[in-house]
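The values are calculated or read from the model by the stated rules, or taken from the named source; none is laboratory data. What you see is a predicted model, and the numbers here were worked out from it, not measured in a lab. Note: ideal-geometry Cβ built from the backbone for every residue, glycine included; neighbour counts use all protein chains shown. Calculation scope for accessible area: heavy atoms of the full protein, side chains included, ligands and nucleic acids excluded. Shrake-Rupley method; radii C 1.70, N 1.55, O 1.52, S 1.80 Å.
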Amino acid sequence: MFNRRQKKRPGHQLTEENRTGLRLSDLRPGETGRIVEVGGSDQFRLRLIEMGLTRNAEIAVDKYAPLLDPMELIVMGYHLSIRAQDAEKIVVKRIDR
Amino acid sequence: MTDNTFNIAIAGNPNCGKTTIFNQLTGAHQRVGNWPGVTVERKSGHYSFADVRFDTIDLPGSYSLSAFSAEEKIVRQYLMDDAPDVVVNVIDASNLERNLFLTTQLIELGRPMVIALNMMDMADEKGLSIDMDTFATLLGAPVVPVVGRTGQGIDLLKEKILRVATDISGKSRQLNIPYARDIESELDKICELFDTTEGDPHFTRWKAIKLLESDRETRNEVRQMKAGNEILSIAEQGVARIESIYNDTGRAVISHARYGFIQGAIRECVTEDLSVASDYSRQIDRILTNRWLGLPIFALFMWIMFKLTYDLGSLPMDWIDAGVVALMQFLSGILPDSMFSSLLVEGMIGGVGAIAVFLPNIFILFFIIAALEDSGYMARVAFIMDRIMHNIGLHGKAFIPMIMGFGCNVPAIMGTRILESRRDRILTILINPFMSCSARLPVYILVAGAFFPEHAATVIFSMYILGVLVAIASGKLFSKTILRGMSKPFVLELPPYQRPTLKSLVLHTWERGYVFIEKMGTVILVGSILVWVLGYFPQEVELERDYSNDKQTIQQVYSQKIDALDLKFQESLENSEQEYHSEMIPYTESKSYQDLEQQYSALKQSILSEQKEALYQVRMEEISEITEQKWIGRIGKFIEPLVAPLGFSWRESVALITGFVAKEIVVSTYGVLFGVGEDVNEENQGVISSLRSSGMTPLVALGFLVFTLLYTPCLATVAAIKRETGTWSYTLFSVVYSVSLAYTLALGINYFGGMFGWFS
Ligand SMILES: Nc1nc2c(ncn2[C@@H]2O[C@H](COP(=O)(O)OP(=O)(O)OP(=O)(O)O)[C@@H](O)[C@H]2O)c(=O)[nH]1
């Protein structure tokens with residue numbers, strides 16, 4: 001009747017050199033970054049990649065929600081929102097303008 | 001399929017305008033249903049073009065075909081198993097890159113395809129110009145620029161669909177998305193094995209790609225094949241090689257490659273005039289989702305929504321109410337008094353009428369919700385409220401059905417369709433009944449008014465708060481137990497704001513409202529008949545007391561009193577006339593005459609109303625005894641021991657049972673039980689005083705209120721839960737959970753309240 005518990009999968013471990021890198025959640029509103037690597041569960045990563053958060057994609061942090069949690073991003077010209085806890089799994093390089 | 005009928009399927013991202021295009025194509029010829037087994041809406045319709053019939057289906061919006069969500073699974077299964085003759089891929093031209101991701105997968109699936117490049121108006125606004133011919137060549141399918149809203153380009157789209165559908169040599173447009181050499185060589189290895197075994201050659205490359213993506217469904221499918229195990233092992237080796245080369249999963253590598261192809265295509269065909277580019281949505285969002293203004297504005301919108309729903313709805317509500325009453329009176333006037341007329345008038349029309357009055361509210365609510373959805377604000381609501389809903393393991397969007405629950409749980413439960421994941425939907429459905437719907441309010445007003453006249457408002461407000469707290473606590477409990485760990489990651493698109501079109505608002509409102517009407521005609525009708533039957537039979541009941549005798553006695557007593565009064569009045573008149581001497585004014589116009597007459601009529605009035613009161617008392621006792629003998633009363637008596645620990649009498653148990661059909665009925669049941677008649681309203685003093693004198697204490701009343709708040713709202717809600725969860729198990733669970741919770745809390749109140757002497 002009720003859904004069985006799902007098996008925990010390890011997901012994608014960040015590579016050594018990126019583990020200490022800057023995260024998407026570290027960017028402030030108005031800043032832009034380039035995606036270096038996306039960590040987290042397979043499903044989460046794939047969904048993000050499908051939504052265009054691919055390696056080297058440019059991503060701008062537009063703002064945070066009023067209660068400071070989900071954040072609003074601009075990718076490929078459209079607006080996308082993810083939670084800060086998930087943004088922590090995305091390693092980025094800041095692009096200075 | 002006959003010669004002159006083709007099946008076409010419309011596929012595309014959420015919000016790309018699929019439904020708009022679908023409506024443009026099929027006009028009025030459409031039907032809304034559900035996909036089997038899931039509660040994703042299934043819209044189908046048909047149209048004719050050049051004497052050919054096109055059966056059209058509007059697939060759910062999806063970002064890809066990876067089969068993560070219910071929608072994606074449906075799209076994929078439909079495209080593969082039902083093999084439509086033409087797939088119309090609707091693309092939002094103002095958001096090309098992301099939209100094309102699905103397109104690459106559709107190309108790989110290899111069904112004949114036409115691309116409808118929608119929202120060309122928005123693309124122009126953004127300063128995009130697209131070289132259509134090159135685009136069509138690159139994608140291997142005709143590309144038709146359209147504006148779904150205005151219908152521009154739809155005729156050309158129909159023409160292209162016809163051409164692709166009738167193109168026998170259709171295989172010519174077999175186009176492949178090219179991958180890097182390492183990947184292509186793995187694909188070749190897998191495809192080779194396929195060619196020598198059975199299976200549709202059409203899907204070979206698609207399946208090979210899916211295997212490199214470690215797609216579970218494809219793997220299961222391939223395992224069934226003759227050379228299945230061999231193919232799987234080759235595929236696994238391939239995946240391992242790719243993963244070691246790219247240091248990433250096969251899935252991610254392939255998705256990256258698709259975006260590579262897309263970026264190449266866009267570079268070739270799209271030029272952007274940056275001087276025109278504007279992002280007006282962003283400007284709007286500077287205010288609507290502003291750090292400080294966002295929440296107050298949202299609260300304001302919610303307030304307006306409620307205000308409109310109830311204030312605007314109350315007018316037609318009164319009309320419907322008056323109409324139902326008039327109809328009932330008319331019918332009982334012309335029909336001879338019989339069982340049939342009672343069934344028709346009191347059972348069916350009365351029962352359904354009681355719910356029909358809510359139709360205006362429901363339609364208005366749906367209309368506003370449709371406007372919020374179509375405008376794009378709903379996504380912002382999810383954005384603003386996610387932080388709060390995340391606490392109970394839900395998605396921000398789940399906030400909307402919760403709010404709707406204050407109005408009516410039925411549309412609220414239907415409103416959970418806006419949630420993508422089934423787990424979120426079920427969780428939201430299970431906690432929704434605790435949001436105190438408007439039907440419970442009359443019960444609160446009646447009972448709180450009777451037992452807590454000084455603090456009625458506080459008591460009622462606490463019921464609402466208690467409901468919210470129970471919903472939150474249950475949400476937490478469920479997400480930690482029966483529904484744990486299946487939450488989808490929060491990845492939410494915030495689409496550009498749009499001015500909603502009236503046509504689509506009306507359509508959306510009607511589609512959802514219709515379901516409610518349907519329910520009134522079925523579940524509620526049956527429930528009303530049931531309550532009627534229980535209250536009507538057995539027709540002949542034995543009464544211990546001779547009520548007509550009692551009534552006669554009362555009448556006699558009072559007519560004697562009046563006779564005595566008349567006599568006294570005559571005497572006083574005569575006395576006073578003898579003392580009267582003035583010649584100027586005739587006696588009958590004198591002051592003393594008038595004083596006497598006034599006194600007389602006041603006395604007579606009070607005697608008459610005393611008589612009325614006494615008769616009424618007897619009548620009430622009579623109806624009460626009659627009801628006790630009817631099935632409904634017998635059931636109440638039978639259940640009484642069960643609810644006795646809560647302090648409830650048989651009356652409460654009857655009221656609660658009938659309240660299961662619809663909570664409003666609790667009030668009218670009390671009316672029947674106390675013999676005050678069917679049409680009591682919450683101000684009715686008769687019921688209030690009878691309630692007080694029935695032996696119920698304020699403490700028991702409080703328990704009764706809590707029970708009313710928490711137990712299953714009504715049959716219609718149960719039907720909605722069944723419909724939306726698709727299973728009886730969740731439906732039964734919901735009923736059992738809420739009834740036991742209601743029982744436990746009411747018991748606790750009675751027990752601890754009695755111990756500490758609250759409200760005694
Ligand atoms: N400006 C503009 N707006 C459009 C056009 N076509 C559709 N829309 C609007 O886009 C919004 C989404 O349209 P829908 O038809 O509901 O989109 P959908 O793809 O069916 O969405 P889902 O049902 O969520 O998958 C609506 O507000 C439409 O009015 C268009 O060509 N131009």
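Table for the structure above
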quantity: Net charge dipole size for region B:181-247 [Lys, Arg +1 and Asp, Glu -1 on Cβ; Debye, nearest 20]; calculated: 120
quantity: Highest average packing first - A:33-42, B:235-244, Cβ atoms within 10 Å; calculated: A:33-42, B:235-244
quantity: Crossing angle, helix B:228-246 versus chain B [Cα axis fit, 0-90 degrees, rounded to tens]; calculated: 80
quantity: Given charges at Cβ of Lys, Arg, Asp, Glu: region B:503-600 dipole, positive-most of B:Gln578, B:Gln594, B:Thr522; calculated: B:Thr522
quantity: Per-residue ³J(HN,Hα) for region B:506-523, Karplus 6.51 cos²θ - 1.76 cosθ + 1.60, θ = phi - 60°, Hz, x for Gly and Pro; calculated: 4, 4, 4, 4, 5, 4, 7, x, 4, 4, 5, 4, 4, 5, 4, x, 10, 4
quantity: Per-residue HN-Hα couplings for region B:561-568 [Karplus 6.51, -1.76, 1.60; θ = phi - 60°; Hz; x = Gly/Pro]; calculated: 4, 5, 4, 4, 5, 4, 4, 4
quantity: Total formal charge among the other residues, if their Cβ is under 14 angstrom from that of B:Asp595, Lys/Arg +1 and Asp/Glu -1; calculated: -3
quantity: Length added when fully stretched, B:Trp292-B:Asn220, from 0.36 nm per residue minus Cα-Cα; calculated: 20.8 nm
quantity: Magnitude of the charge dipole, the protein assembly as shown, Cβ model with Lys/Arg +1 and Asp/Glu -1, debye to 20; calculated: 3620
quantity: Per-residue HN-Hα couplings for region B:689-704 [Karplus 6.51, -1.76, 1.60; θ = phi - 60°; Hz; x = Gly/Pro]; calculated: 6, 5, 4, 5, 8, 7, x, 6, 9, x, 5, 4, 4, 4, x, 5
quantity: Amide H within-cut-off set for B:Thr712, under 5 Å, with H built and near neighbours excluded; calculated: B:Val739
quantity: Cα gyration tensor, region B:108-192 - rounded (a/c under 1.5), prolate or oblate; calculated: oblate
quantity: Amide H within-cut-off set for B:Phe537, under 5 Å, with H built and near neighbours excluded; calculated: B:Trp631
quantity: Stokes-Einstein D (µm²/s) once Rh is taken as the Kirkwood radius of the protein assembly as shown over alpha-carbon pairs, at 37 °C in 0.692 mPa s; calculated: 104
quantity: Hits among aspartates and glutamates - C-alpha to C-alpha of B:Lys561 under 18 Å, sequence gap 8 or more where chains match; calculated: B:Asp550, B:Glu571, B:Glu597, B:Glu610, B:Glu613
quantity: Cβ-based charge dipole, chain B, positive-most Cα from B:Phe452, B:Leu25, B:Ile91; calculated: B:Ile91
quantity: 222 nm mean residue ellipticity, helices alone, for the protein assembly as shown (DSSP H n ≥ 4; -39,500 (n - 2.57); rounded to 500); calculated: -18000 deg cm²/dmol
quantity: Where labels lie 7 Å past Cα in the beta-carbon direction, separation of A:Thr32 and B:Gln552 in nm; calculated: 10.0
quantity: Average other protein chain Cβ within 10 Å of Cβ, residues B:490-502; calculated: 4
quantity: Number of partner chain Cβ atoms within 10 Å, mean per residue of A:51-57; calculated: 5
quantity: Heavy-atom accessible surface that A and B bury in contact, both chains counted, 1.4 Å, Å² to 100; calculated: 4400
quantity: Modelled FRET efficiency - R0 25 Å, B:Gln605 with B:Val325, Cβ distances, 0.05 increments; calculated: 0.30
quantity: Listed residue pairs exceeding 32 Å between alpha carbons, taken from B:Lys307/B:Lys630; B:Lys207/B:Lys397; B:Lys160/B:Lys207; B:Lys73/B:Lys226; A:Lys89/B:Lys480; calculated: B:Lys307/B:Lys630; B:Lys207/B:Lys397
quantity: Reachable lysines from B:Lys158, criterion Cα separation under 23 angstrom, eight or more residues apart if same chain; calculated: B:Lys18, B:Lys43, B:Lys171, B:Lys503
quantity: Highest to lowest packing among B:641-654, B:539-552, scored as the average C-beta count within 10 Å; calculated: B:641-654, B:539-552
quantity: Crossing angle, helix B:664-673 versus chain B [Cα axis fit, 0-90 degrees, rounded to tens]; calculated: 20
quantity: Cβ neighbours within 10 Å from other chains - mean over A:81-89; calculated: 4
quantity: Helix B:313-334 vs. chain B, principal-axis angle (Cα, 0 to 90°, nearest 10); calculated: 60
quantity: Net charge of neighbours whose Cβ lies under 10 Å from the Cβ of B:Ile262, counting Lys and Arg as +1 and Asp and Glu as -1; calculated: +2
quantity: Dipole of chain B [Lys/Arg +1, Asp/Glu -1 at C-beta], most positive-end residue of B:Ser649, B:Val443, B:Ser479; calculated: B:Ser479
quantity: Amide H within-cut-off set for A:Tyr64, under 5 Å, with H built and near neighbours excluded; calculated: A:Glu72
quantity: Anchor B:Lys663: aspartates and glutamates whose Cα lies under 16 Å away (excluding residues fewer than 8 positions away in-chain); calculated: B:Glu652, B:Glu678, B:Asp679, B:Glu682
